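First the structure, in the form of structure tokens, and then the observations on it.
What follows is calculated from the coordinates using simple rules that are stated; it is not laboratory data. None of these values were measured; they are calculated from a predicted model. Reconstructed Cβ throughout: ideal geometry from the backbone, glycine too, with neighbour counts over all protein chains shown.
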Amino acid sequence: MKTWKPTAAGILSIIGGVFILIRGLLGMGHIGTAFSWPLGAASIVLGLIAIAGGIFALRRRGWGLALAGAVCAVFPTHPYGSLIWTPVIGILAIVFVALSKNEFSRSTSKSPSNQ
């Protein structure tokens, strides 16, 4: 039975991932601190994983990747205050992915049956 939970989790993961990705790209543009490049690069990677996980959740395939994307969407986009509400999006995505585990397909590819 299909419910709304994987769809909601996918949308929330993608939204969180986009915020993290944008903040990472903006963070890499600041040359003022020594940590801007490593933090920006880490944010970009986390954002891409969150977006990919959200896509997998929308397709209801690859529960592990959907969960990993939701976990990556939890990380705040800025260490000191900007967009501090974004981890809530990731937490909700984790809850929805976890509650809908049985709606995900068991395998990501279909193999032909040998007769």
### Query
What is the spin-label model distance, in nm, from THR7 to LEU48 if the labels are put 7 Å beyond Cα along the C-beta direction?
3.0
#### Entry: Selection of trypsin sites (Lys or Arg not before Pro), the stretch 1-73, meeting DSSP coil and at most 15 other Cβ within 10 Å
LYS2
### Message
With only alpha-carbon atoms in the gyration tensor, what are the semi-axes of the equivalent ellipsoid for the stretch 5-103, in Å, largest first?
### Response
26, 12, 8
